[in-house]
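**Q** Below: one structure in structure tokens.
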Amino acid sequence: MTSETVGLMVQAEAGLGVLHRLTGVIAQHRGDITSVEILENSTRDARIYFEIVLPVSEAELERDLCALSIVKSVEFVKTLQRIYGKRIIIVGGGAQVGQVAIGAVSEADRHNIRGEHISVDTIPLVGEQPLADAVRAVARLPRAKALVLAGALMGGDIEQAVREVRQSGLLVISLNMAGSVPDAADLVVTDPVQAGVMAVMAVADTAKFAIDRLKRRVF
């Protein structure tokens, strides 16, 4: 049987060791957990979402999970990768974030119609430390492929954070702003709408745009 990535929702009784018991059963079925998120952990219930590369049938795994006394329900669902796909994250000042989002959402719509799955997330922030923390956190977000920094002035620890996340493979696009962040980014774009468009084009499989083939990095 060919392995495929499946989404798995489990509702179980809350308590110590719930995740340990669930992952033990998944491991017995040679399931490779690629993502896990605890959606709820109240005094009574726990809801846990897994994405698993599964080499056996879903029915076999469901049977053995349901055999656990703590499990209330098991449901196989479409993966978040299949539904929401790659993520573009836009961080910075509200006005600039909004303009970048216009370009990114419009371009993502064009590619999603052709079979892509690209989603756009935004968070307006001010202040060097909140922005630096947000940049570093993007590297921990599942499915995040590109970060657009949208603001008028960014530098200091934000620049260091940009260099760190780029080393993890994250694409970073900066607006052409004051401060040292543009010097640290992969690509610098003056027009915010165009920055959003180029971010989507850079991660889309249905686009022929490749940043590493550009002869210049400031537009």
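The values are calculated or read from the model by the stated rules, or taken from the named source; none is laboratory data. Computed from a predicted structure; not experimentally measured. Please note: Cβ atoms are built from the backbone with ideal geometry, for glycine as well, and neighbour counts cover all protein chains shown.
**Q** Checking L80 against (1) closer than 19 Å to S35 by Cα; (2) modelled with pLDDT of 90 or more; (3) within 23 Å of the chain's Cα centre (by Cα): exactly one of these is not met. Which one?
**A** Checking L80 against (1) closer than 19 Å to S35 by Cα; (2) modelled with pLDDT of 90 or more; (3) within 23 Å of the chain's Cα centre (by Cα), the one that fails is (2).
**Q** Being touching a strand residue (DSSP E or B) at 6+ places or on another chain (Cβ under 9 Å), touching a residue at least 24 places away in the same chain (Cβ under 8 Å) and outside any strand (DSSP E or B): is that true of V200 here? Explain how you work it out, then say what you get.
**A** Details: touching a strand residue (DSSP E or B) at 6+ places or on another chain (Cβ under 9 Å): yes; touching a residue at least 24 places away in the same chain (Cβ under 8 Å): yes; outside any strand (DSSP E or B): yes.
Here the answer is yes, as V200 does meet what is asked.
**Q** Surrounded by 13 or more Cβ atoms within 10 Å (Cβ to Cβ), over 22 Å from Q81 (Cβ atoms) and touching a residue at least 60 places away in the same chain (Cβ under 8 Å): does that describe A12? Steps first, answer last, please.
**A** Numbers: surrounded by 13 or more Cβ atoms within 10 Å (Cβ to Cβ): yes; over 22 Å from Q81 (Cβ atoms): yes; touching a residue at least 60 places away in the same chain (Cβ under 8 Å): yes.
Against the criterion (surrounded by 13 or more Cβ atoms within 10 Å (Cβ to Cβ), over 22 Å from Q81 (Cβ atoms) and touching a residue at least 60 places away in the same chain (Cβ under 8 Å)), A12 qualifies.
**Q** Right, next: Which condition number does P142 fail, the rest of (1) over 18 Å from the mean Cα position of the chain (by Cα); (2) modelled with pLDDT under 90 being met?
**A** The failed condition is (1).
**Q** Still on this structure: What about S168, is it among the polar types (S, T, N, Q) and either without any contact (Cβ under 8 Å) to a residue 24 or more places away in the chain or surrounded by 15 or more Cβ atoms within 10 Å (Cβ to Cβ) (or both)?
**A** no
**Q** I've got another one for you. Within the range 157-182, how many residues turn out to be out of contact with any helix residue (DSSP H, G or I) (no Cβ under 8 Å at 6 or more places or on another chain), assigned to a helix (DSSP H, G or I) and under 15 Å from G92 (Cβ atoms)?
**A** 1
**Q** Restricting to the range 38-67, what's the tally of residues that are of a type in the set (D, E, K, R), within 11 Å of M9 (Cα to Cα) and in contact (Cβ under 8 Å) with a residue 40 or more places away in the chain? Full working, then the answer.
**A** To start, the set of residues in the range 38-67 that are of a type in the set (D, E, K, R) comprises 40, 44-45, 47, 51, 58, 60, 62-64.
Checking which are within 11 Å of M9 (Cα to Cα) leaves us with 47, 51, 62.
If we keep only those that are in contact (Cβ under 8 Å) with a residue 40 or more places away in the chain as well, we get 51.
The number of residues fulfilling the criteria is 1.
**Q** Could you tell me how many of the residues in the range 133-142 are assigned to a loop (DSSP other than H, G, I, E, B) and aliphatic (A, V, I, L, M)?
**A** Residues meeting the conditions: 2.
**Q** Which residues, taken from the range 47-77, are in contact with a Gly (Cβ under 6 Å, 6 or more places away or on another chain) and surrounded by fewer than 15 Cβ atoms within 10 Å (Cβ to Cβ)?
**A** V77
**Q** Against the definition (without any contact (Cβ under 8 Å) to a residue 24 or more places away in the chain and of a type in the set (A, V, I, L, M, F, W, C)), how does A101 come out, yes or no? Full working, then the answer.
**A** Details: without any contact (Cβ under 8 Å) to a residue 24 or more places away in the chain: no; of a type in the set (A, V, I, L, M, F, W, C): yes.
Against the criterion (without any contact (Cβ under 8 Å) to a residue 24 or more places away in the chain and of a type in the set (A, V, I, L, M, F, W, C)), A101 does not qualify.
**Q** Restrict the check to the range 143-156 and report whether at least one residue is surrounded by fewer than 15 Cβ atoms within 10 Å (Cβ to Cβ) and in a helix (DSSP H, G or I).
**A** Looking for residues that are surrounded by fewer than 15 Cβ atoms within 10 Å (Cβ to Cβ) and in a helix (DSSP H, G or I), one finds none in the range 143-156, hence no.
**Q** How about the range 113-132: which of its residues are in a helix (DSSP H, G or I) and without any contact (Cβ under 8 Å) to a residue 24 or more places away in the chain? Lay out the reasoning, then the answer.
**A** So the first thing to find is which residues in the range 113-132 are in a helix (DSSP H, G or I), and the list is 113, 128-132.
Selection gives I113, P130.
**Q** Quick one: would you say G85 is buried (at least 20 other Cβ atoms within 10 Å of the Cβ) and either of a type in the set (S, T, N, Q) or farther than 18 Å from V135 by Cα (or both)?
**A** Yes; evaluated as a whole, the condition is true for this residue.
**Q** Restricting the search to the range 196-219, which residues are aromatic (F, W, Y) and either at pLDDT 85 or above or closer than 14 Å to R87 by Cα (or both)?
**A** F219
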